[in-house]
Structures are given as structure tokens and as C-alpha cells.
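*Asks:* One structure, as C-alpha cells, below. Some questions next.
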Amino acid sequence: MMYFRPTTRFKVLGALVMGAMLFAKAPAANTPAAPAAAPVPPSSLPNPVKLEIFPSDIKLQTKRGEQRYIVVASFADGITRDVTGEARVRLANPTLAKIENHVLLPQADGFTELLVEYGGRASLIPVSVERAAEERPISFKQDVAPIFMRTGCNTGGCHGAARGKDGFRLSLFGFDMDGDHQRLTRELNGRRLNLAAPEESLLLEKSVGKVSHTGGQRFSANDRYWNTIVRWMEAGVPVDPPTVALPVSAELFPKNAVLDGKGAIQQMVIKAKYSDGTERDVTPLALFLSNNEASAKISPEGVVTAGERGEAFIMARFHTFTIGSPFVVLPKALQFSFPKVPENNYIDTLVNNKLKKLRIAPSELCSDEEFLRRVSLDITGTLPNIEDYNRFMADKAPTKREKLVDELLGRKEFAELWVLKWAELLQIKSSNQVSYKAMLLYYNWLQEKIAKNVPTNEWVQELLGASGGTFKSPATNYYQNETDILKVTENVAQVFMGMRIQCAQCHNHPFDRWTMDDYYGFAAFFSQIGRKGTDDPREIVVFNSAGGEVSHPLGGRQMKPKFLGGIAPDVTGKDRRVVMGQWLASPENPYFATNLSNIVWNHFFGQGIIHEVDDVRISNPASNQELLTELGKRFTDYKYDFKKLVRDICTSRTYQLATTPNPSNELDTRNFAKASVRRIKAETMLDCISQVTETKNKFPGLPVGARAVQIADGSISTYFLTTFGRATRETVCACEVRLEPNLSQSLHLLNGDATGPRINQGNLIGRRLAEKKPMPEIIEELYVRTLTRKPTATERDRLLQLIAAEGNAQRALEDTFWAILNSREFMFNH
Amino acid sequence: MKNLKKMFLSLGLILAMGGGLCAADPKDKKKKLNFDDDIASLLREKCGNCHNADKKSSGLIVTNFTKLMEGGSGGIAVKPGDPDASPLYTTVAHKAEPFMPPKSPKLPDEYANTLQRWILEGALENSGSKAVAMKPKADISLGKVSRGRPEGPPPMPEATAKLPLDPVKKYARANAITALASSPWAPLVAVAGNKQVLLYNSDTGELLGVLPFPEGVPQVLKFSRNGSLLLAGGGRGSALGRVVVWNVRTGERIIQVGEETDSVLAADISPDQTLIALGSPSKMVRIYSTKDGKLLSQIKKHTDWITSLEFSPDGVLLATGDRSGGLFVWEAFTAREYYGLRGHTAMITDISWRPDSNMVASSSEDGTIRLWEMENGGQVKSWGHGAPALSVRYGMDGQIVSAGRDRTVKLWDGNGALKKAFPAMPDLALKSVLSHDSARALGGDWSGVVEVWTVADGKKVGELSSNPELLADRATKIASTVKTAEGAAVASKNKVAGVTQRITAIATQIAAVKKLQADPSPILKPAQAAQATAQAKVNEAKALVAQSVTARRSAEMIAAELAGLATRMAALKPADAPGQQVAADAQKRATELSQKAQADLAAAKKREADTTPALAQAEKNLVAANAGITAAQQQVQQLPKRVTDLAAAEKAIQAELVTAQNELKQIEAEILNLKAQLQRSQAALASNSTSPKK
């Protein structure tokens, strides 16, 4: 070898501009004749600050090896450009491989480097060629099966449907490749394949549109896919040996991009690693998708074309993997400078980093009044009273907002609000399976944990590993609520990890990494839950039955318990649920802390960083992954004390932004550049109305005057609560709490007993009039009570006029009160 | 005849051009395009999957001229003379939405150009002068259903017909055996290959003819009930389905019916040869007349692809089965429902009538074979093949043979009792049939192998190929096989000679033994003589012993006497000298005598001692001689058994001889057969090379 070791080279290269020195080492014979002058970017573009080649190393294995590369230049303003076509590219030893259309093809065994120059920068990556003369045997699983996903044959609308299409079925996205082989080759013998004349096979004639095909033409005769299938048939449609190497991971390049204006393009490359250690360029076999076609469209070949300003997540699906890269599309040559804004803590830094990338400026800080109302509602679920208001407004300390947050966090309403939240997620409700007493004990158990601020991981572990009677050890009710093994599995994943893995019950998850193996491996933790009755028919004992297994529906393999996305632990002689709980609520589980952080975040912003919070999947990426990761890390470092996390959030400037947009953030909804206007959830809403009208409620099982958030039983509701979307706790879905406005809500507030009768009942107006309070003061009190602000001069003057015109002051004031309660400003948190 | 040939040629032309690109042929430029010749196949292939008589997408049917001219729900499709006002043309040419075919790139311009030209030229139906291709060349209807063996020699391809012996093409690999049929009256089987049907002699395994099937893959093969016709149904998936009938004796293609838009999967010809029924993925059973090729009736009852159908041998009924297990029996002539046979839960893979028409058997992917009686349409028997059953056929003697996914062909008696499971095939056993005499069973598998077994012992006796070598290669192969066989013949002859020699040897042996049996003296006499000698020797020895004893005894007495005398002499003490002298002399004399007597005694004793062991030896010899006699007698007694043993051995060798001789005969016959085949191949080759290829 006449070259340095690649690592040395990289060091040498550093910031080096590629020039004669580097090439001087290569023998003259290997240097292409008269290299053209290093290309420079068009005059309008500055030189890049970074030049990268993807993938970061290339391995060509066997005669059939191939690898396309892309060259991406990054500029000082964050813009990236695909300069593959413009860059000068060559191999240090051009005898080892040839380059055709940016694809490397093997020629001879050896090691060399791919050298790239562009705009005064240079870069290189190592290239190795192995077994260049060796043929790679055709494999159904490696070569043929991926074609069906790539060319859209096995989607749910086509042959991937449960009953197939036009008499032919493939497994959805290829989750059952053995079955696909069987169906293709031996289901209808002599129809789909013609081994004597492969190119006359119905499979191919339909695919290339030679004969009528409902699905139209999927590929063309003599193209890559056609040739692969013909080659497979010529080999006699062999069944792969059980040891056939399957993909174990896949990587998509580039990992992110910022495209400059409509029409900018970027080629994607996807490389997969196989279980035998080999690597392949699977760009031609992967299926590319974009979650925002308007901003970034992707062609089947993996070329992204920029469209309107916005963000898009570009995904590739290959084998069981879905992987994605976030793309940002900016208007061409946008002029933008990020305003100088203070950053209260890490949250602001991370949010602003993202906003800078998107060229979005955050809104202004909200007023003290807005903050007081917002943070009181969010932390305690109550409105500040007049004393709170006056005290806070009079406080001149610069840290008064932090002080307020700390004060609110110490109130018992904070705990109550979160007990309600968890009670929804844990589906605490009495039912045929769970007696009222058991439910109440379960609720009290949860309340105690939250009120005492027990670290979340501790009580979650206790909950998941719980054994004993549903009275004596109330956490066991978790397993009494739902007794179906698979449902329990799905619920645990959804609530504590934010994953909806239901899809993987019947087929590999089409939009995520979860396979049926993962699903049933996780379900195996819940296969040994024993349940037996006691003397009291209302109580059940949940115990570790130490027996019972889960088997895979395809082939009936018995599944070993395996953590979702983790290892398969040793469970011999242990209670599987305890083992699972200890892993789930621990830093070992990468999803636990981030998921809980996201739930908390969602509560304060009305929008998860991943949204919905229980729909964590690769194809639904976080709008700010760095932020989510950091929150999860902090939460773990806080020993799962979520109060501290709430404090970080509420004291961040991001939380304290005004709802008023500026031109740059007007259209943005996902990056927390402004505060969002949020409906108040049913229970809090009722409590607030009761609070401001000074009326009392009576709920079953609770004393008069209890607050709606205190209702333990999910099966108890009132007309008001149901109308305003109280969770039924039938499922664990985050969508159980309905926050969408509807007509019944408006009608109920206008005409129902929630407003008018309560105003009369509380008789606040009557009392104030009796106290002979001056009219403007009463109006001011109504405003502060409900909206946490004083009326504006205009409001006050007009109201005084109206009251005077009405004559009956009480009626006029009550009408005013009613009008405020029906105003959007009252109904929303803003 | 000339006319027929011309028709065949024009037919071949259409088929060869497949894609319907006739307009591209410059020779045809002058001729006006017409629907039947130029447009029908194009439309069927590219548009027929949706715009067919069953699916009628947008109410438009393009597979039939009349229907096409009627247009669809969107109005007319063709305006003769004005292509631009004809959606048929504008949509295909992507001049108007919706672009056709949907979800596919635009068809090559030739297609649109052909349509344009056809419409421009007036959208003619046919050339007018041309006979309808579908019409049969001859009326083949029999007028009546003949049951039992037809008169005359069983129909076999005739040598004079010179059926082609070269396959349409030799492929790198054989396709799965999609169809297999056995003539009811002759040692003739038909095997489906790609674009061809191969006729084999089921006894000799000789390829008797190749029937080209350019339509595609034959999915079903059926001999007519009298064995004189062979029907094939098949085609090209999603493009064309057709049924073709050949005359077995001449190899002539005499009927062609069906214009399905997908491959025909099931078909049969009625025993009186007036009807042809066919089924395809269209879910329709269509019945055509053989007289004029007209569609007589359609059965719409099935809810899934038609996978199997068969006319009853009396021609009264038609049984049809579909892909989801639906099984029906219809009146053949009216297409009215006769029975719905409920029971199968998965695809019907085959239907076969018992030769007496009273029972129909069905096989299914659900693993069962079921028998249904026709009195009430009841199921009388259901048993498992052992795996999903892919084929079931009745033999002419009422036995049943089935094939399945367990790779095995099985033989059952009429009640479903297993009689034999033939050796497993290399892959899924797809088809099975019994030969006309039920002496042989044949199975065809997924890997393209057809194996032939003898029913009597279940042994594999041959293999037929759906992908035979080219004739020339086959001739070379046969020649080399002949050589090998000749070598084997020599070896076999040597073996026969060897066995014959052994038989001669054993016969000689038997004669010798039999002679001894008649006169055993050669065995007994020597023994007796030996005994006599031994006895004499004993006697002699005994005498010697007695003599020596007597001698010893007398010597003893004398010695004692003389010893006494000597003592007495010594006792004589005379006083006087002479007396003393005398006494002394006497004493001396006495002593001398005594001494001599003692010496004699010693000698006598020694002699006695010497003779005794000789006696013992002689006596021992005598015992041995006596034993010898016993042995000889025994030997004589055993002679009959020895004869029997030898006779048995002789018989065995005789049998060996017969086997060897048979083997030789077989080899010789095989050589003759091979030589004949070789001769035929060579003749065919010679004629191929002299007459130019069509």
C-alpha cells in the first residue's frame, strides 16, 4: 500500500485545501490525465464551510457490490447543497473501482480513498473492495422481497391487504417473507411464475404492464428489479437457508439538510448492514417518503426537491426499518437575523437554536397578568384570586415570576392536577372488574405517591411489579383493569413509553421499527400474571403465576421476554413484571424519561415536542429532538422529580412568550416560537367557574364543595364534564381528553346551568352591591377574578354606560359577569 | 385441405405477432385494418382486464366488436373515420383524459397509431373474405355418446401423420407440470410444457409428438372420452385464455374457442363432442358449441376463479369447482343448476367422474378428496390425501389416484382405502393419472418432472419430460443409450451363459448322488472290508497273546521245578567223594538248568508284554472300523435329502436363468425399441433438414 492509513490522512486533511501535495503521493499512472481545475460554486455562492461525503465509508463486496455517494456542502448560514454533480471526485487508486453516475462499482480487491474537491474544500472517505470477482448468490429475502415494498406491491391498498388483491396476497410490507415465497412460488402452481420462461411469468408481465394489471406498471422490462426477479427464477426460485444474512441496521444520508429555495434538490442514500457483517447500498431497494410533500417532495429514486417554506421529515423504509432525516426548506436567499433575546435556561437555548435554523423569531415576552393567569391555570388548575393578583402585580422583584412558580408548585392543587392526569392514563375507574372500593384504594395510592412527590420511576416500578390483593396492595388494580395480555402490553408501551405498538400484533409496524418479534417479546413479560379471588368478591389477588408463555403467531415460536428496544434479560425464577418494571422506569430505557418529559411539556404548551405524546414513532419525529433529549436527561438527573422539570419549563422564556405572533412565526405551530391559545380541560374549567362564581359542587362520593379534579372515579361524570370532554378512561389514549370546541359547549355555557344560575346562586354581585362597592370597583373585580386583568378604560367606560342605561344595576352586572364567562378570553388559557 | 393450411398459417401469423403490432408490418400497409385480425388481440391484452364482458369498467367492453361499437357509459368509444372523436384512440394516445391504461406510462405509439389507422379506415369488423378463425374445420360431433371401448384400434398418433418431434424450444429449466392427461384407451399421455403439449407413449416413454401451443401455458389437458381428441386450455395470464382441440391421430389443430382475458384454468369437451366448457379467473363458466364455435351459455354462479370442471362420461352433467371451494353440478345442455355440492372449504383443485357417471370425485386445498353420488347430490365419502390435494383422477377401472403437497401420489380403491403410496417426488406433486389399463401411474411435480410407476409394485419405471431435448440431441442421446444397452446385452448374455453352466454342473451332481442312492455299495463296501481286516488283526493279536501267556506259564513252571531240583540237589549231602562228585555235578547241572529256565521265563514274559499293546491297538482299530460302517450307513440314509437339496438349488438357478433371460430379452427389446426410435428420430431429422421450416 502506497497510501497513509486513512486515519492519518484525515488528520492531515483537517482544514487542508486539496492540492498538489496530496496527489503527489499517488503514482502518475493512477492520476487521471490533466485534472480539470477544482470546481467552484456558482459566483453567487460563497465557499462552503464544510464538505461532506456520504456514506462516510464505502465497502464494495462481491461483483454485485455497488455504492452511490453524495457530496454535501454546508455554508456559513446553515444552508446545505447537494454538490455531488459539481464536485470533482476521484479514487486515489482508480483501478479498484469505477465510478458511473455517482455509483462506485468494484473492479479489483484492495483499499483506497474517494477524494472530493469543491469550492476550495476537500474531503475523502475510505473505500474497500473485497471479493470483486466473486458472484453473490441470489437470495429471495435479500434481493427479491425488498422489491415488493420499493415498487409498492405490498402496501395495504394492494397485495399487502389482509385478503390480497385480485387473488394474490403478499404480506404487508413484507413482514412474512417465508409466506411470500410460498405464495409466489407454490400457492397457485404454474400461474404466477413460469420457470421455463421466467420473462413470460405473470408476475413480471403484470409488473411491467405487458398485460393488464389493476396496479399499473410497477417497473420496466430489463430494469434492475426485473433482472433480479428473472435471475431468481433462473436459479430455480431457491428458498433461502435459515442462516441467510438479514439487515440489522440501516442508515440514511444526509442526516439533515437545509435547502435553499424552491427547486433545490438533494439525493438521499441509504446503506444497510447485514447480520453477516456485510454492507450494501440499498438506495434502489428502499421506499422513500416525505411527511410534507408541499415542502419537500421525494422521488422513488430518493431525490428530494424543495417546495414551499417549511419542515419535512424525509423517511426511508427498508426491511423492518424506518429511518428519517429532518429537512428544512427556506425561501430562496432569505434575509434574516435572529433578534437578541435573553435565555433563561437550557430550554430557551435549545428552542432558539431550532428557531434560528428555521429563520423564525420568537414572540415577545407576555405581560405579568398573562403570565399569572397562565401559570396558575397550568400548575394548579385554578385562577389567581384578587389578593394573589394584587400581590404579584405589586411585586417589583425581577425574579417574581420564578418566585410565583415556586409558590404554585408548593400548593396541593398542583398534585391534584397530576393525580387527575395519571388517573386518566392508568384508567382509574370502577367497573365490573374493579369494585368501587378497589378503585378508591387505587386512586388513594396514586394520590399519596404524587402528593409525597415520590420519584416517578419508583412508583412506576412499584405499579408494574405489583402483586397482592387489590385492597391490600392497590397498585395491583392496574392488572385488574385490563386482563388481556396483549392489551396490557400495548397499554404499558403507550402510557410509559409513548409507543403505539398495536400494529405489530399482526404485522411489522409499517411506520416504525417495531417488528412482531419485538411485540411478542415484550408481551412475554405479561404472560405470567396470575389472578385469583378472595373471600371478598370485590377483591382479587394478582400474583406471579411463574408459568405461561407467549408464542409468535407466525410459526408458533415461543418468545423470550425482551425489553422493547432493549435486551432479553434473564428472567429465570424471577417475576417477569418486576424485571420489566425495573428496566422500564430506569435510565436503561431510552424512552421513559423523554416520554414523561414530553407529557409534561405537552401539558404546558398544549403541544408535545412529539405530538401526539403517545404516538412516538420514527415517522412522527420530535419537532426539536435536542430539546426532548435534554429534558429527558434532566428529568433523569433530577431523580425523576418532575416538580423540578416543571420549574424548568415554567421559568423558561419560551413558556412565557406572548401569544401574539410576529411575521416570521405566524404560521409556525410546532416550534414554540409563541404561546398557543389553549382550551381549558373540563375539570379545571368547572372548577374555575365554581371559583369565580363562588358556588359549590356536589359529586358522588365527595363532600360538597369538592373540586372536579378531585373526582377519583373515571366512571363518574356530569353533563358539564362530559360536554367539555372529560376522559372516559376507556382507553389509555392521550386523545381521551377532548379539547375540541363544539356547539353543545357553547350552548351549555350560554343557556345551561353552568353560568347564569351559578351567578345567581353565588350572588357575588348582590353581596358586592350590598357592600355598597362603587360600580367601577365591582367591574374591576369581575375582570380580575375571571381574566386576571383590569378592564381597559374603553371596556370600563362602555360597561358603565350600559349599566347606567339598563337601570337595574344587579341585573346589568350579572349580565356583565355572564358575558365575561362566555368570552373566549375566559374559556381559554393564553 | 389447402384452405385449411392457409388458415393455419394466418393464425400462426397473428399469434406470432402477439402484441398486435400488425400495422407495423409494411407488407400489410395496403390492406385495411380490421377488428378481428388486428385490433381484437391488442385491445384484449392491454384493455381487456377491465373492459371485458364481466367487469365492464365504465360500461365499456372492448373484447367484442359489437359491444365496442355500442360504447360505454361515457358515450361512444369509436366514431368510424374520426379518430380524434373516438375516445378509444384519444385516451390511449394521451390526447384526452382519462389516460389509458390507467396508472401506467403511455403505451408505445404503435398502439395508438394502429387504433388511429383502424378508425380512420372505417373501423371494420373483419376483412370480409376471411373465414372466422374460431370456426372448427370439421364437424366433430358424434351424434351420440359412446360408452366403452370405441371400435377399431385405440387412437394413437399415426406414423404417417408425422407429428413434429422437435420441441418448440428447449428451455434451461422445466416449468411446473401444469397439466397431465392419459388417454382412456391407449398407452398415450399428454404432458403440458411451456407453449407446447407433449405426447408420450406411456409404456415405452417415447415422445410421439409435440403439439405447439403458442397461446402460452396449457393449464388443463383432457382427452375426449373416446380418446381421439386432445383438448388443451390455457393461455397467457391477464392477456388471453383459449381452448384448443387436436386430432390425436393426425396432430391437427381442429378447434379453437374462447377469447378469455385471462388464462383458461379449466376446460373439457363433452363426450358427444358437441360442447366445450371452459372456466378462468373471470369466475364465469362458458359453454361453446363445437359446431360453429358459438357461445351457447354462461354460468355466473361461481364467486371465485373457476379452477376445475369436467363433463360426466354420459354427457348429461357438468361439474365445476372454484378457488374458494364452491362446487356445482349442471345439466350440460341447459346449463341449469343440478346440485350444489357443499363441503369443501378451500380451492377445488380437480374434478373427476367415475367412468359410470354415477359418482364424481373432487380434490381440494382443504386436504380432502370427496366422492359425491348423483342420485341426491350427497357426499358419500371424504378422506384426507395427507396434505392439500392438488389432483384427483379416476382410472378406467374405478380406482382413484391423487397427488398433493406432500410430494406424494397415492392410489386408492373406489372407497377411498389407500392401496399404494408411490415414492415421494422431488417437489409438490401437482398432477397424477392412471394409464388406460391402470397398470401404470404417472405423477407430475412442481419441479417439472413426470415420473412413471408400475401400479403392481409401486416401482419407478421411467420419467417423462415437459422440457424434452431437441430432436437432434435426443437422437444422439438415444444412440448412446443404444450403445450402453448393447453393452448391457453382452453382459446379460454372459450372465445367462454363466447361469446355464452352473445348471449343468448341478445336474451332474444330482445324477451322481442318485446313482449312489440306487447302489450304495461304493460307500458301504470299503467300510465293511476295513472292518473285516481289523477283526482279523484282532484275532491274530489275541492268538499271539495267548501263545505268549502259555509260554510264560510253562516257563514259570519249569523254572520253579528246576529251582526246586537245584535246592534238592544242594540238600543231597553224600558222604563219599564220588557221591559228592555226582551230587556236585548234579547240583551244578540243576543250577544251570534252573538258570536257563529263568532266562526262558524272562524271555516269555517279555514276549507277553510285547504282544498286549498290539492287541489293544488292533481292538481300537476295530472300533474305528465299526464306526466307519455306521457313518457309511448314515451317509447312505442321507442321500435322498441331498438329492432334494440339490434339486432345490437347481430350481433356484433355473429361476435365476429365467430372470437373466428375461433381462436379456428386455434389453434386447429395449434395444429394438430404441433403435426404432432412433430410426424415427433420424428420419424426422432428415425430413426436417430437407423441408424448410415453416
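The values are calculated or read from the model by the stated rules, or taken from the named source; none is laboratory data. Quick caveat, the model's predicted, so the values are computed rather than measured. All Cβ positions, even for glycine, are placed from backbone atoms using ideal geometry, and neighbour counts span all protein chains on display.
*Asks:* Please state which of the following conditions residue B:171 fails to meet, knowing it meets all the rest: (1) over 48 Å from the mean Cα position of the chain (by Cα); (2) within 14 Å of another protein chain (Cβ to nearest Cβ); (3) at pLDDT 85 or above.
*Replies:* Of everything listed in (1) over 48 Å from the mean Cα position of the chain (by Cα); (2) within 14 Å of another protein chain (Cβ to nearest Cβ); (3) at pLDDT 85 or above, residue B:171 misses just condition (1).
*Asks:* Return the pair list, or none, for Cβ contacts closer than 6 Å from residues in segment A:561-574 that are in contact (Cβ under 8 Å) with a residue 12 or more places away in the chain to residues that are of a type in the set (Phe, Trp, Tyr), at least 6 apart or on different chains.
*Replies:* A:561/A:525; A:563/A:583; A:564/A:522
*Asks:* So, in segment B:462-483, of the ones that are free of Cβ contacts under 8 Å to residues at least 24 places away in the same chain and surrounded by 13 or more Cβ atoms within 10 Å (Cβ to Cβ), which residue ends up farthest from residue B:429 (Cα to Cα)?
*Replies:* Going through the qualifying residues, I end up with B:476.
*Asks:* Working carefully through the options A:785, A:796, find the one that is among the charged types (D, E, K, R) and over 20 Å from residue A:684 (Cβ atoms).
*Replies:* That would be A:796, the only listed residue that is among the charged types (D, E, K, R) and over 20 Å from residue A:684 (Cβ atoms).
*Asks:* Return only the number of the condition from (1) closer than 28 Å to residue A:614 by Cα; (2) modelled with pLDDT of 90 or more; (3) touching an Asp or Glu at 6+ places or on another chain (Cβ under 6 Å) that residue A:734 does not satisfy.
*Replies:* Of the numbered conditions (1) closer than 28 Å to residue A:614 by Cα; (2) modelled with pLDDT of 90 or more; (3) touching an Asp or Glu at 6+ places or on another chain (Cβ under 6 Å), the odd one out for residue A:734 is (2).
*Asks:* Here's a follow-up. Pull out all pairs, ordered by first then second residue, where Cβ-Cβ is under 8 Å, the residues are six or more apart or on different chains, the first lies in segment A:183-212 and is within 7 Å of another protein chain (Cβ to nearest Cβ), and the second is of a type in the set (Asp, Glu) and crowded, with 22+ Cβ neighbours inside 10 Å.
*Replies:* From segment A:183-212, the pairs are A:211/B:45; A:212/B:45.
*Asks:* Here is a further query. Among (1) touching a helix residue (DSSP H, G or I) at 6+ places or on another chain (Cβ under 9 Å); (2) in a helix (DSSP H, G or I), there is one condition residue B:573 misses while meeting the rest; what is its number?
*Replies:* If we test residue B:573 against (1) touching a helix residue (DSSP H, G or I) at 6+ places or on another chain (Cβ under 9 Å); (2) in a helix (DSSP H, G or I), just (2) comes out false.
*Asks:* Collect the residues in segment B:430-462 that are within 14 Å of another protein chain (Cβ to nearest Cβ) and either of a type in the set (Gly, Ala, Ser) or over 28 Å from residue B:171 (Cα atoms) (or both), keeping them in residue-number order.
*Replies:* Within segment B:430-462, B:432, B:443, B:444, B:447, B:448 meet the criteria.
*Asks:* Given A:321, A:371, A:338, which one is within 29 Å of the chain's Cα centre (by Cα) and at pLDDT 95 or above?
*Replies:* A:371
*Asks:* In addition: Return the residues of segment A:104-144 that are within 14 Å of residue A:63 (Cβ to Cβ) and crowded, with 19+ Cβ neighbours inside 10 Å; say none if nothing qualifies.
*Replies:* Across segment A:104-144, the qualifying residues are A:104, A:106, A:129, A:138, A:143.
*Asks:* I need the helices (runs of 4 or more DSSP H) fully contained in segment A:402-507, keeping only those with at least 3 residues that are polar (S, T, N, Q) and in contact with a helix residue (DSSP H, G or I) (Cβ under 9 Å, 6 or more places away or on another chain).
*Replies:* Hits in segment A:402-507: A:456-464, A:485-497.
*Asks:* Within segment A:283-310, how many residues are in contact with a helix residue (DSSP H, G or I) (Cβ under 7 Å, 6 or more places away or on another chain) and in contact (Cβ under 8 Å) with a residue 40 or more places away in the chain?
*Replies:* The number of residues fulfilling the criteria is 4.
*Asks:* Can you report the number of residues in segment B:307-320 which are touching a Leu at 6+ places or on another chain (Cβ under 9 Å) and either of a type in the set (A, V, I, L, M) or within 14 Å of chain A (Cβ to nearest Cβ) (or both)?
*Replies:* Qualifying residue count, segment B:307-320: 5.
*Asks:* Counting just the residues of segment B:188-202 that are outside any strand (DSSP E or B) and under 24 Å from residue B:404 (Cα atoms), which one comes out farthest from the chain's Cα centre (by Cα)?
*Replies:* Filtering segment B:188-202 for residues that are outside any strand (DSSP E or B) and under 24 Å from residue B:404 (Cα atoms), the one farthest from the chain's Cα centre (by Cα) comes out as B:194.
*Asks:* Give just the number: which of (1) facing another protein chain (nearest Cβ under 8 Å); (2) in contact with a helix residue (DSSP H, G or I) (Cβ under 8 Å, 6 or more places away or on another chain); (3) of a type outside the set (S, T, N, Q); (4) surrounded by fewer than 21 Cβ atoms within 10 Å (Cβ to Cβ) does residue A:216 not satisfy?
*Replies:* The failed condition is (2).
*Asks:* What pairs can you find where one residue is in segment B:95-111 and under 22 Å from residue B:52 (Cβ atoms), the other is basic (Lys, Arg) and assigned to a loop (DSSP other than H, G, I, E, B), and their Cβ atoms are less than 9 Å apart, with a gap of 6+ or different chains?
*Replies:* From segment B:95-111, the pairs are B:99/B:106.
*Asks:* To continue, here is another question. Look through B:280, B:289, B:270 and report the one residue that is within 14 Å of another protein chain (Cβ to nearest Cβ) and small (Gly, Ala, Ser).
*Replies:* Just one listed residue meets the conditions, B:280.
*Asks:* Would you call residue A:101 over 35 Å from the mean Cα position of the chain (by Cα), loosely packed, with under 15 Cβ neighbours inside 10 Å and not assigned by TED's automatic domain parsing to the domain that holds residue A:270?
*Replies:* When the stated conditions are applied, residue A:101 passes them.
*Asks:* If a residue must be within 12 Å of chain A (Cβ to nearest Cβ) and surrounded by fewer than 24 Cβ atoms within 10 Å (Cβ to Cβ), how many such residues does segment B:237-255 contain?
*Replies:* So the answer is 1.
*Asks:* Can you find even one residue in segment A:408-421 that is closer than 19 Å to residue A:732 by Cα and surrounded by fewer than 21 Cβ atoms within 10 Å (Cβ to Cβ)?
*Replies:* Yes, the conditions are met somewhere in segment A:408-421.
*Asks:* Here are B:307, B:290: which of them is surrounded by 22 or more Cβ atoms within 10 Å (Cβ to Cβ), touching a strand residue (DSSP E or B) at 6+ places or on another chain (Cβ under 7 Å), modelled with pLDDT under 95 and not basic (Lys, Arg)?
*Replies:* B:290
*Asks:* Tell me whether segment B:135-142 contains one or more residues that are more than 19 Å from the chain's Cα centre (by Cα), of a type in the set (A, V, I, L, M, F, W, C), within 14 Å of chain A (Cβ to nearest Cβ) and surrounded by 19 or more Cβ atoms within 10 Å (Cβ to Cβ).
*Replies:* No, every residue in segment B:135-142 fails to be more than 19 Å from the chain's Cα centre (by Cα), of a type in the set (A, V, I, L, M, F, W, C), within 14 Å of chain A (Cβ to nearest Cβ) and surrounded by 19 or more Cβ atoms within 10 Å (Cβ to Cβ).
*Asks:* Restricting to segment A:676-731, count the residues that are part of a loop (DSSP other than H, G, I, E, B), out of contact with any Gly (no Cβ under 9 Å at 6 or more places or on another chain) and more than 19 Å from residue A:763 (Cα to Cα).
*Replies:* 13
*Asks:* Filtering segment B:78-102 down to residues that are among the hydrophobic types (A, V, I, L, M, F, W, C), in a loop (DSSP other than H, G, I, E, B) and over 57 Å from the mean Cα position of the chain (by Cα), which residue is modelled with the highest pLDDT?
*Replies:* Going through the qualifying residues, I end up with B:78.
*Asks:* While we're on this one: Could you check, for segment B:146-155, whether at least one of its residues is in a loop (DSSP other than H, G, I, E, B) and either in the same structural domain as residue B:275 (by TED's automatic domain parsing) or within 20 Å of the chain's Cα centre (by Cα) (or both)?
*Replies:* no
*Asks:* Would you check if residue B:161 is surrounded by fewer than 23 Cβ atoms within 10 Å (Cβ to Cβ), within 29 Å of residue B:682 (Cβ to Cβ) and away from chain A (no Cβ under 14 Å)?
*Replies:* Taking the combined requirement at face value, the residue satisfies it.
*Asks:* I'm trying to understand the selection: among the residues of segment A:145-155, which are buried (at least 21 other Cβ atoms within 10 Å of the Cβ) and among the small types (Gly, Ala, Ser)?
*Replies:* A:145
*Asks:* I've got another one for you. Check B:176, B:181 and return the single one that is in contact with a strand residue (DSSP E or B) (Cβ under 7 Å, 6 or more places away or on another chain) and within 14 Å of another protein chain (Cβ to nearest Cβ).
*Replies:* Selected residue: B:176, the only one of B:176, B:181 that is in contact with a strand residue (DSSP E or B) (Cβ under 7 Å, 6 or more places away or on another chain) and within 14 Å of another protein chain (Cβ to nearest Cβ).
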